[in-house]
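Participant: Can you read through this structure? Questions will come right after.
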């Protein structure tokens, strides 16, 4: 063989290797990663890091045996809990390889995080410093990594087929023990086209919880992908996906046939008969059908407008507001701001103008052409909840006027951009002053007292004095802004709910909020009321007084939570040990102790025992009013719902927000 032939073969082999290498790199890219730093970071070469490495090795070795594994390594504050799940159609080799890659990926992408979760095409791996076994929680969001693709021309018909299939296989996965909480399905859409689906739950949860998780995931899938030919939701405890091609291995669990109603079949038969018998009036029939289908298309269009949550209605630069029914009405109080104006004000959303990053997007400082300083919230495209937050903010805060509520001065929407423009708060948010050691020195007791009074008065307005009774549902220091005079203003109404005039409580299946600030009846059962906000206020109050976070307080080894620590010292008559020493130097001891007592009253476990916010304002403003003796507070205030113990022994997350990731196609 001559040199030229050898050279050609060498180049060919090199090219193939390069292509394979690129393909492999692409294949090991994670679908999504969640790195939570709410519990802090671990140190390099620490006991926790060593335990984490041992845990990931254990998951890599043991998960391929059954496709699911959970375990823990270590003890005390260095204990780490872990869980791995392989997709039900993978073999042991594919499972081992995926978990191994996931273990490497989670270490590199979530550097030093005490809580992390990573999803790949064929597996997911999670670890946490918190014991997330036997805990149930669900919240959904989606990313736009594959967006947009393949928008269907007939969403209603496609949806009726795939939701029929996905609902059926969800029931099978949840309630058929032989399937080990994994099911696939296929349903014919046309004579030459089918829709394929896959659902799976982690095997530590009960059948009813698996079914509940899958149903919630399908609700999010509909919100995200109603108009699309495929979509995926990834969450801690259940995954769902549908496509117009077979994306999974092995035999299909369920081959389904979509059954049209007998009424539809009868109508079609009548139409055929009429057309055959009454050929002489065919033009009349055709005209009738044209009108009929025109109206149906209009109805479908109206439905689609509602599903896309008003995206198409914001194109024109006119002042509008959104009614509670979701309709648009003219409004001179809430001016529209063109995207070009907002971009100019923020220097095209320059990173140098970025003030912070929240759960629903980033906030930027801007300066309008008249010199007015503003804060622009740019809602994330990666969360379907961002759209709900946008609507809530426009509905609620655009109508509210109070000195202790942040003022919304405009909004903008263009394409995927959703913008809310607020008055600028030069001192930013309260959490910076409470938890930053340097900023903390700028707070004396008088300032803290006025901040507490301002928050309380803002909540009284929401609960009792505004046009509607409004429950905030996400009160925390980062959602309290401070103006130039350090006056408190409540912000972020994206999770708020309106109550009827005589409504006292409400219940929701979708618990949203922040770990450490949610009342136990809401976190555990979805029940919320004005007393839920009272609980959150009490937590904020105790954080201001102590200068310590409730989240992750167990790491101090003083008590399980900040609330438990405050209660313990109160019972022992040592409440002054709970107070930040810098506040004792600048304020009245009796007034500070009184506020500790009010804080403990607000976080009592039974909502009926908690005061209303108007009572809190009275207690803060009148030394003549003697507060009652507080009862034991609720210690478990996380965003969790308990699940009965399972013999398999694994569970869910106690994270600030349980993440589900949707990939539309």
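Readers should treat all values here as calculations from the given coordinates under stated rules, not as data from a laboratory. Here the structure is a predicted model, which means the values were calculated and not measured. Every residue, glycine as well, gets a Cβ built from its backbone with ideal geometry; the counts of neighbours run over all protein chains shown.
Participant: Sorted by mean Cβ packing within 10 Å, highest first, what order do the peptides 596-602, 335-341 take?
Facilitator: 596-602, 335-341
Participant: Give me 97, 347 ranked fewest to most by other Cβ atoms within 10 Å of their Cβ, as a rough exposure proxy.
Facilitator: By the 10 Å Cβ count, ascending, the order reads 347, 97.
Participant: So, in nm, how far is label residue 622 from label residue 585 when the simple model puts each one 7 Å beyond its Cα toward the Cβ?
Facilitator: 3.6 nm
Participant: Show me 468-474, 422-428 ranked by packing, highest mean number of other Cβ atoms within 10 Å first. Don't jump to the answer; show the numbers that get you there.
Facilitator: Details: 468-474: 22.3, 422-428: 17.7.
Ranking the peptides 468-474, 422-428 by packing returns 468-474, 422-428.
Participant: Still on this structure: Note the full-extension length gain between residue 222 and residue 108 as 0.36 nm times their separation in residues minus their Cα-Cα distance, in nm to one decimal.
Facilitator: Net length gain for the segment: 37.7 nm.
Participant: Estimate the FRET efficiency between residue 629 and residue 369 by the formula 1/(1 + (r/R0)^6), using the beta-carbon distance for r and 60 Å for R0, to the nearest 0.05.
Facilitator: 0.55
Participant: Could you give the length gained on full extension between residue 403 and residue 435, defined as 0.36 nm per residue of separation minus the Cα-Cα distance, in nm?
Facilitator: 9.0 nm
Participant: Going by how many other Cβ atoms sit within 10 Å of their own, how do 199, 376 line up, fewest first?
Facilitator: 376, 199
Participant: Mind ranking 584-594, 103-113, 206-216 by how tightly packed they are, going by the mean number of other C-beta atoms within 10 angstrom, highest first?
Facilitator: Listed from highest to lowest mean packing, they are 206-216, 103-113, 584-594.
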